[in-house]
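Working notes for the structure below.
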Amino acid sequence: MRRASQLVGLGCVLGLLSGCAGLSNASAPKAEAAKPTCPDTIPDELNLELGFRPELAARNWVPALTFTNLGFKPGDAVTPAFQQELTLASGPVQAFGLMEHSTKGPEGGGSLVLARPHAGGFCVVNTWSTWQSSPVGLSLASTWTAPDGRLAILLVRMDMKDSPDGPQTRWVTLGTDGNRMWIALGSPPEHQLIVPSVALFPKGKDLYLDIKQRYTTRLPLGKDGRFVIPPNM
């Protein structure tokens, strides 16, 4: 009888321990799934012009191209500007433009996020962002893709109607091979062209950039994906 009572007591203790273990496992927080790693072909480069959100850094993986996933919070005055897919030899790439307005003053900015599909989401290739003293109207004026798909050029237009210097139109040229993004003419902060009109001019397999002021200046695209400025300019 004494041994039987000992067995019953041991069974109760084991049952309690088992119950506690079950309760402990049920209340333990679930480990978050590991974030996918972007391919090594996307280098860890600095953002173009500005870099103020970690979510927009090169090689960052996001589950979707939404404002929340790109680092914006509820209440931020941000609106979509455009979204276009580029087909390159390295694969499809999404060009996503957005506009942001300050909630404390007249300032505003614009960004172009370049991202490629990966692991059910997107890998940020890189981001170009600007911030100005007035609201920025952002649009994708035109794009060009090389016949062999080696690279693409994007022409971004910025309209600033309330600029302190009066209404302005600015232009930015960006290049990409699907793994990197770069400024195709000039370097910050001199890469923003303040002229009435800029256009991409394809001719056969070649591409030119027409900068229209009183006269038109035509610049050829070099093999490195940047427009060549003549020595006499």
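The values are calculated or read from the model by the stated rules, or taken from the named source; none is laboratory data. Note that this is a predicted model, so its numbers are computed, not measured. Cβ: placed from backbone, ideal geometry, glycine included. Neighbour counts: every protein chain shown. The protein model used for the area step is the full one, side chains on, heavy atoms only, and it has no ligands, DNA or RNA in it. Shrake-Rupley method; radii C 1.70, N 1.55, O 1.52, S 1.80 Å.
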So, how do all the Cα-to-Cα distances of segment 111-233 break down into 5 Å bins, in percent, from 0 on up? 2, 10, 20, 23, 19, 14, 8, 3, 1, 0
List the lysines whose Cα sits under 28 Å from the Cα of Lys73, skipping any in the same chain fewer than 8 residues away. Lys30, Lys35, Lys104, Lys161
Got the relative contact order for the chain handy, in percent, Cα pairs under 8 Å and 6 or more residues apart? 13 percent
Per 0.36 nm of contour for each residue apart, how much would the distance between Arg150 and Asp224 grow if the chain were fully extended, relative to their Cα-Cα spacing? 25.6 nm
As I understand it, the value is the acute angle between the Cα axis of helix 2-27 and the longest principal axis of the Cα atoms of the chain; what does it come to in degrees, rounded to 10? 10 degrees
Give the lysines whose C-alpha is closer than 18 Å to that of Lys223, dropping any in the same chain fewer than 8 places away, or say none. Lys203, Lys205
Mind checking the full-extension length gain between His101 and Ala89? Use 0.36 nm per residue of separation minus the Cα-Cα distance, one decimal, nm. 0.7 nm
For the residue pair Ala141 and Ala33, what label-to-label distance in nm results when each label sits 7 Å from Cα along the Cα-to-beta-carbon direction? 4.2 nm
Which percent of the Cα-Cα distances in the chain go past 30 Å? 38 percent
Would you mind calculating the gained length between Asn69 and Leu46 on full extension (0.36 nm times residue separation, minus the Cα-Cα distance), in nm to one decimal? 6.4 nm
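Order the following by accessible area, largest value first: Tyr215, Tyr208. Probe radius 1.4 Å; ligands, DNA and RNA are ignored.
Ranked from most to least accessible, the order is Tyr215, Tyr208.
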Accessible surface, per residue, of the chain when the full set of protein chains is kept, probe 1.4 Å, Å²: 56 Å²
Accessible-area composition of segment 67-119, carbon plus sulfur, in percent [1.4 Å probe]: 53 percent
